[in-house]
1. Would you pick out the residues in segment 105-131 that are over 13 Å from Gly58 (Cβ atoms) and touching a Gly at 6+ places or on another chain (Cβ under 8 Å)?
2. Taking only pairs six or more apart or across chains, which ones have beta-carbon atoms under 6 Å, a first residue in segment 100-127 that is of a type in the set (D, E, K, R), and a second residue that is surrounded by 14 or more Cβ atoms within 10 Å (Cβ to Cβ) and not in a helix (DSSP H, G or I)?
3. Do we have Glu104 as at negative phi, not in a helix (DSSP H, G or I) and not polar (S, T, N, Q) here?
4. Quick one: Gly58 ticks every box in (1) at negative phi; (2) surrounded by 15 or more Cβ atoms within 10 Å (Cβ to Cβ) bar one, so which box is it?
5. Restricting attention to helices (runs of 4 or more DSSP H) lying wholly within segment 1-77, give those where 3 or more residues are at pLDDT 90 or above and either hydrophobic (A, V, I, L, M, F, W, C) or within 27 Å of Ser143 (Cα to Cα) (or both).
6. Check Asn16 against each of (1) over 11 Å from the mean Cα position of the chain (by Cα); (2) within 19 Å of Thr131 (Cα to Cα) and name the one condition it does not meet.
Amino acid sequence: MLVENAFAVSQGTTLNGREDWPRHYAVSAALSVLEHPIVSDAGGLMKEQLDTLTRGSGFSFGDLAADRAGVRFAFAATRSEIAAHAMQARLRSGFSMKDFFPLEVQFPENLSMEEFRHNFGNVGSERYQSTVNEIEAALDHCSALSSN
C-alpha cells in the first residue's frame with residue numbers, strides 16, 4: 001500500500017519538464033545515503049552506458065546532472081544533524097527549484113554509442129571530463145546543494 005501511494009504521488013512529477021529526472025535525482029540521493037556517493041555515481045554512469053549499448057534512450061549528460069544533483073542533495077541534507085535540520089527548515093519555508101537543480105541545463109542527450117565515441121571518446125577522456133565539470137559548475141549555483 002505504501003509503495004502504491006508513493007508511486008501514485010510521483011505520477012506527473014517532473015524536473016525541468018522531464019519525468020525521468022526526479023527518479024534519477026531520488027534514486028541517486030538514496031544510494032548516496034544508503035551506500036556511498038561513489039556507488040551512486042557509478043550506478044548512474046553504468047545506467048547511461050547501458051542505455052547506449054542496449055539501444056535504449058542513449059547516453060544522457062542531463063541524466064548524469066540529475067544523478068549528481070541527487071548526490072549533492074543527500075550530502076547537503078545528511079552531512080550533520082545541523083545540516084539536516086537546516087534542510088528541513090528550508091523545505092518547510094518554501095521550495096524554489098533553482099535552489100535544487102539548474103533551470104537551464106543543456107547537455108548532450110540521447111547519444112548512441114557511435115555518437116558518444118565520436119564526440120567524447122570514452123568516459124576517461126578530457127572531453128568527457130570537461131562536460132562533467134560543466135555539470136558540476138551548474139550545480140555549484142544551486143544554493144541548496146552547497147556544502148557550506
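1. Val105, Arg127, Tyr128 - these are the residues of segment 105-131 that are over 13 Å from Gly58 (Cβ atoms) and touching a Gly at 6+ places or on another chain (Cβ under 8 Å).
2. Glu109/Ser60
3. yes
4. Result: Gly58 passes all but (1).
5. Fully inside segment 1-77 and qualifying: 20-34, 37-53.
6. With (1) over 11 Å from the mean Cα position of the chain (by Cα); (2) within 19 Å of Thr131 (Cα to Cα) applied to Asn16, the lone miss is (2).
The values are calculated or read from the model by the stated rules, or taken from the named source; none is laboratory data. Everything quoted here is computed from the prediction, not taken from an experiment. Glycine also receives a Cβ, built like all others from the backbone with ideal geometry; neighbour counts cover every protein chain displayed.
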